Each structure stands twice: as structure tokens, then as C-alpha cells.
Amino acid sequence: MIQALRGMKDIMPPESERFVYILDTAAKIARRYGYDYMETPLLEETALFKRSVGESSDIVGKEMYQFIDKGGHDVCLRPEGTAGIVRAFIQNRLDRKGGVHRFYYHGPMFRYERPQKGRLREFHQFGCESFGEGSVYEDFTIILMIKDIFDALGIGYSIKINSLGCPECMPGYRETLVTHLNDIRDGLCEDCQRRIETNPIRVLDCKNTHCQELLEHSPVIVENLCETCDSDFVRLTRMLDSHAIEYELDPKLVRGLDYYTRTAFEFVSSEIGAQSAIAGGGRYNRLVEFLGGKPTPAVGFALGIERIMELVKLPEKGREGIYLGVMEPEALDTVLKIAHEKRKSETVFVEYARRSLKAHLKAADRLGAKLCAVIGEDELKAGQIWVKDLETKEERRIAFDQFD
Ligand SMILES: [Zn+2]
Ligand SMILES: [Zn+2]
């Protein structure tokens, strides 16, 4: 028997209902915030991710589903969603057009990681990207939108924010940090020591507890921001305060790539093991330019569907739909016509085989139908259908054309 690949999972009913509910809820809220749907290919040139996600990252360095296709092209299954959206944004010349463009997307992402609890090699994300709006109000609005989505899904969370500065203030901060890191160098883990040269900002989010103790007194970015970055960050925190949205300043929330600027945020849940990020994002004012487009401010986020699946509370669902059955084979033709009519507005289950009334009622109950409607010999002669409401237990006999 052929099985699904390691780290890849079928999403079967009834779990799939939860999956669809998350997507529908998130998409509905994103549309209210003015986002339009965008679909981009799962397969892209490897160079796109090398340039955007960065060659020094684990994602690109170790985890890509990368191969040479039959035409000799170096291609890769997307490990994340933003790169493809930005490529499409530039390719469709929206960067030249100017104005604000907002998109939402969702779909599978692929990372060749060691499969472990909560980590899949194929997983799903929902995300939004807003282009052309440089105002920090847009960052605030995106945080508000994610809050709306998690609130609608009934998921508890806490919010972490940070600012990553800009090309004006980041280099100076980086120097200050490197000086400090070199002072404590000997106590840091090997990864950190290497990163002091390659990507010093990433040292801050090392998961090693010994490193974290040593890093406690590191200089923090928010205290080294230029005037514009600082006033934006202050404005963001004021707006969160005035909307009574709780958050925590986290100087260790860093992304370590040059195109990330200013606002960075994470939504964290403590309901799935140790504080796990369930959504993350921020401003990336330099990525469009990085990928060859006209400089365009941008901000976005992505949330992991599998991560939040078990946290979502599905709305209570009562009985729904109509079950149609026959006790006389000749009545099937009429039943199929009624079914077709009813399906214009409702869920309809049809049992083709002749059954006893008791068997039909049992089947309707099992399917969770609200109405069980059956045509027997008497009903067929009279042009009627027997209907029982399985909620109210009320029974009636009505003419075919009055069944509504
Ligand atoms: Zn700055
Ligand atoms: Zn370390």
C-alpha cells in the first residue's frame, strides 16, 4: 500500500471542516479590510527564495524542496508565501502603477524539516500583504485585522512587538551590538559565534538558554532608533493602548534580514506547548526593491493553519439539510426532482434504495439532517410527501409542489 510521504498529511473530514472554517473566516475578515485574493504558483525559481528569504537562513540553506526540472531549471516548492506575492506584484508592474494594493493568499508551503510534533513538511498558511502604504497606521490596522481573525476563531493569544529600525539607524545599532557580542563571545554557543559575523541581529533570538542569560544586557534596537522610526514606534504603541490591545515589547523579536524594517510583531499562544508563534509579520519596506522592483513600502503577515487547528472552536451546528428517501421504487424519479429543486438552497441527501420508514429515519438522524422526507405508496398516489422535522419531531404530509 502506498502511503503519504513523511511529514505530509491528509486533512480528512471532520477535521477538514475546521480547516475550511479557518480559511473562510480569515478570508472574510481580510476582504473587509480591503484585501483581494491572489494565487501564485507553488513552484518558483530557486533564485527567488535565495534572494528574498536569504541564503544564510535555515529555510534556504537546509529545508528547501529544490530540484532541477526536465528543462534544466533550478526550481523549488515555495517554503513561504511572501516571495511569490512580491514577485507577482513586480511582474505585473503594480510597483510602477503606484497606489495601495492589498492581497491575501493561502495554500500549502513546503519545508524539508525533520518531522516532529507540530512540524509538517507540507503545511498551510494564510497571509496578507499590503503594498504602497508607508504609514504606521497600516501596521496597526494589520495587527487589528489579525486580532479580529483570532477573536472570530475563539483563539487566545498574546502579542509581541518590536521595531527593527531602517537603513538609517539599523547599521549603527548593529555595530553597537557586535561590539557587545564580541565582549561576551566566549560564552556564546557556536551558532551565535558564527552569526556575530554573518548575521549578528539573529544572535538575539538564539534558543540556547545559556546564550539568553548572557544576552540579557545586550543593547536593544528600540533604544537606538532614528527619529522617524522612533516616532512611528511610539505612535504604534499609543494606538494599541488606545484600543486597549495588550502587547509586550520584545527586543528579541528580530528577523535578521536587511529588507525587514520598522514594525515586527508576533501573535503567540500558550495553549500549544511552550509559547508558540501562531502568526508573525511586519514591515518589509525594502523587499520589492531587493527583488528588482521600484521601491515600495510594504507590510504583511502569515499565520499557520495547522498550528491553530486544534485551538479553533467551531460554531455550534444544529441539524441541517433534508434527507429524501423512497418506500416505493417508482417514487425515486419524483424524489430526484425534488432533490434538484431543494439543492438550490439547501444540503440534500438522497437514498436511492427502497427502505422501511424506520431505516430512513435512522439514516437521516445519522447524517444530521433536519428534515426526513419520504414517499411511500399512499403518498405517491396522492401526489404527496411525508415530512418529519427531526428537531421539533413534528410530522406532516404535503403536496410535492408545496414542499418548501
Ligand atoms: Zn530608522
Ligand atoms: Zn547561541
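The values are calculated or read from the model by the stated rules, or taken from the named source; none is laboratory data. What you see is a predicted model; the values in this text were computed from it and never measured. Neighbour counts are summed over all protein chains in view; Cβ atoms, including those assigned to glycine, are modelled from backbone coordinates with ideal geometry.
Looking only at the range 162-193, count how many residues are more than 15 Å from Cys229 (Cα to Cα) and either within 16 Å of ligand 2 (Cβ to nearest atom) or not acidic (Asp, Glu) (or both). Before the answer, list the steps.
In the first step, residues of the range 162-193 are kept if they are more than 15 Å from Cys229 (Cα to Cα); the result is 174-193.
Filter once more, keeping what is either within 16 Å of ligand 2 (Cβ to nearest atom) or not acidic (Asp, Glu) (or both): 174, 176-193.
So the answer is 19.
Does Leu204 satisfy being within 11 Å of ligand 2 (Cβ to nearest atom), touching a Ser or Thr at 6+ places or on another chain (Cβ under 7 Å), touching a residue at least 24 places away in the same chain (Cβ under 8 Å) and not basic (Lys, Arg)?
On the way: within 11 Å of ligand 2 (Cβ to nearest atom): yes; touching a Ser or Thr at 6+ places or on another chain (Cβ under 7 Å): yes; touching a residue at least 24 places away in the same chain (Cβ under 8 Å): yes; not basic (Lys, Arg): yes.
For Leu204, the condition - within 11 Å of ligand 2 (Cβ to nearest atom), touching a Ser or Thr at 6+ places or on another chain (Cβ under 7 Å), touching a residue at least 24 places away in the same chain (Cβ under 8 Å) and not basic (Lys, Arg) - is met.
Exactly one condition in (1) assigned by TED's automatic domain parsing to the domain that holds Glu39; (2) over 15 Å from Glu306 (Cα atoms); (3) charged (D, E, K, R); (4) free of Cβ contacts under 8 Å to residues at least 60 places away in the same chain is not met by Glu133; state its number.
(4)
Among the residues of the range 200-220, which ones are surrounded by 13 or more Cβ atoms within 10 Å (Cβ to Cβ) and either over 27 Å from Thr237 (Cβ atoms) or in the same structural domain as Glu55 (by TED's automatic domain parsing) (or both)? Reasoning before the result, please.
Of all residues in the range 200-220, those surrounded by 13 or more Cβ atoms within 10 Å (Cβ to Cβ) come to 200-206, 208, 211-212, 214-215, 218-220.
Within the range 200-220, Asn208, Cys211, Leu214 meet the criteria.
For Ile201, state whether it is closer than 17 Å to Arg255 by Cβ and at pLDDT 95 or above. Spell out how you get there, then give the answer.
On the way: closer than 17 Å to Arg255 by Cβ: yes; at pLDDT 95 or above: no.
When the stated conditions are applied, Ile201 does not pass them.
Among the helices (runs of 4 or more DSSP H) lying completely within the range 161-255, list those that include at least 2 residues that are within 15 Å of ligand 1 (Cβ to nearest atom) and closer than 30 Å to Phe140 by Cβ.
Details: elements: 170-184, 190-198, 200-203, 209-215, 227-242.
Fully inside the range 161-255 and qualifying: 170-184, 227-242.
Six or more apart or on different chains, Cβ under 6 Å: which pairs go from a residue in the range 97-115 that's of a type in the set (Lys, Arg) to one that's assigned to a strand (DSSP E or B)? Could you list them?
Arg102/Ser130
Testing Val288 on (1) out of contact with any helix residue (DSSP H, G or I) (no Cβ under 7 Å at 6 or more places or on another chain); (2) more than 14 Å from ligand 1 (Cβ to nearest atom), one condition comes back false. Which one is that?
(1)
Looking at the range 300-397, what helices (runs of 4 or more DSSP H) fall wholly within it and have at least 1 residues that are over 30 Å from Tyr37 (Cβ atoms) and under 37 Å from the mean Cα position of the chain (by Cα)? Quick ask: steps written out before the conclusion?
On the way: elements: 305-309, 332-342, 357-367, 377-382.
In the range 300-397, 332-342, 357-367 are the helices (runs of 4 or more DSSP H) which contain 1 or more residues that are over 30 Å from Tyr37 (Cβ atoms) and under 37 Å from the mean Cα position of the chain (by Cα).
Go through Ile149, Ile143, Ile155 for me and flag whichever is within 15 Å of the chain's Cα centre (by Cα), β-branched (Val, Ile, Thr) and part of a loop (DSSP other than H, G, I, E, B).
Details: Ile149 fails: part of a loop (DSSP other than H, G, I, E, B); Ile143 fails: part of a loop (DSSP other than H, G, I, E, B).
Going through Ile149, Ile143, Ile155 in turn, the sole match is Ile155.
Cβ-Cβ below 8 Å, separation at least six or inter-chain, first residue in the range 253-266 and modelled with pLDDT of 95 or more, second within 16 Å of ligand 2 (Cβ to nearest atom) and not small (Gly, Ala, Ser): which pairs?
Listed by first residue and then by second, the contacts come to Ala264/Val254.
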